[in-house]
1. Please compute the contact order of chain B in relative form: average sequence separation of alpha-carbon pairs under 8 Å and at least six residues apart, divided by the residue count, as a percent.
2. Just the number please: accessible area per residue for the stretch B:15-68, 1.4 Å probe, all protein chains included, in Å².
3. Using alpha-carbon pairs under 8 Å, 6+ residues apart, how would you state the relative contact order of chain A in percent?
4. Dipole magnitude of the protein assembly as shown about its Cα centre, charges +1 at Lys/Arg Cβ and -1 at Asp/Glu Cβ only, in debye to the nearest 20?
5. Within the protein assembly as shown, what is the number of lysine pairs with alpha carbons under 27 Å apart, leaving out pairs fewer than eight places apart on the same chain?
6. What ranking do B:59-72, A:94-107, A:38-51 get when scored by the average of other Cβ atoms within 10 Å per residue, highest first?
7. If you take the beta carbon distance between A:Asp27 and A:Tyr73 as r and set R0 to 22 Å, what does 1/(1 + (r/R0)^6) give as a FRET efficiency, to the nearest 0.05?
8. Take peptide B:59-71, look around each residue's Cβ out to 10 angstrom, count Cβ atoms belonging to other protein chains, and average those counts.
Amino acid sequence: GIQVEQSPPDLILQEGANSTLRCNFSDSVNNLQWFHQNPWGQLINLFYIPSGTKQNGRLSATTVATERYSLLYISSSQTTDSGVYFCAVGLGNTPLVFGKGTRLSVIA
Amino acid sequence: EPEVTQTPSHQVTQMGQEVILRCVPISNHLYFYWYRQILGQKVEFLVSFYNNEISEKSEIFDDQFSVERPDGSNFTLKIRSTKLEDSAMYFCASEPAFENKQFFGPGTRLTVL
């Protein structure tokens, strides 16, 4: 099956700093989603991005499907950005395969 | 924007008891999924459901688990005899026919004592 690797596993940032989270996957996919898991455990969908680049406020994401990776950029980080970020991939109408996540801690 | 809803948000049960976790998917979606996340670990697939039957299931989804779509809106996951290791967050997701994106509910935190 598809393998998903996320890096780094842990990241500590000073408030206001920028960061890049990476997701590598082992096979062709047509679904890639980035999630933020909040302190209550909810998975908040950030991006649906099987290819290309999208931006939403301070967050942006790029997926290079031909090279099997995706990047999530967080600019001007805030303490509320803390939590675990998951990348999940799949093919249409099939289960998503999740990575192990990147745990981000933003310190004031 | 339509959302996937799940009830209850938190359930505490005794080992050996049956639990039913409920989900209301987005109304025009056709594909439905249950996922599980043990505390501190990654999210794992349990089962997918399409056209009123299971389309795929993982090794985790053994005979203790079952899924149903009892009416046009609800989608349930039943655990017949809970074990301590069933303690986890359970997520329901639904997917429309025209887009590959999955929409996740807020989850049910199950604690088995």
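1. Rounded, it is 38 percent for chain B.
2. In whole numbers, the stretch B:15-68 has 55 Å² accessible per residue.
3. Result for chain A is 38 percent.
4. My answer is approximately 340 debye.
5. 16
6. A:94-107, A:38-51, B:59-72
7. That pair, A:Asp27 with A:Tyr73, gives E of 0.35.
8. 0
The values are calculated or read from the model by the stated rules, or taken from the named source; none is laboratory data. Quick caveat, the model's predicted, so the values are computed rather than measured. Cβ atoms come from the backbone with ideal geometry, glycine included; neighbour counts cover every protein chain shown. These accessible areas exclude ligands, DNA and RNA; they are computed on the full protein's heavy atoms, side chains included. Shrake-Rupley method; radii C 1.70, N 1.55, O 1.52, S 1.80 Å.
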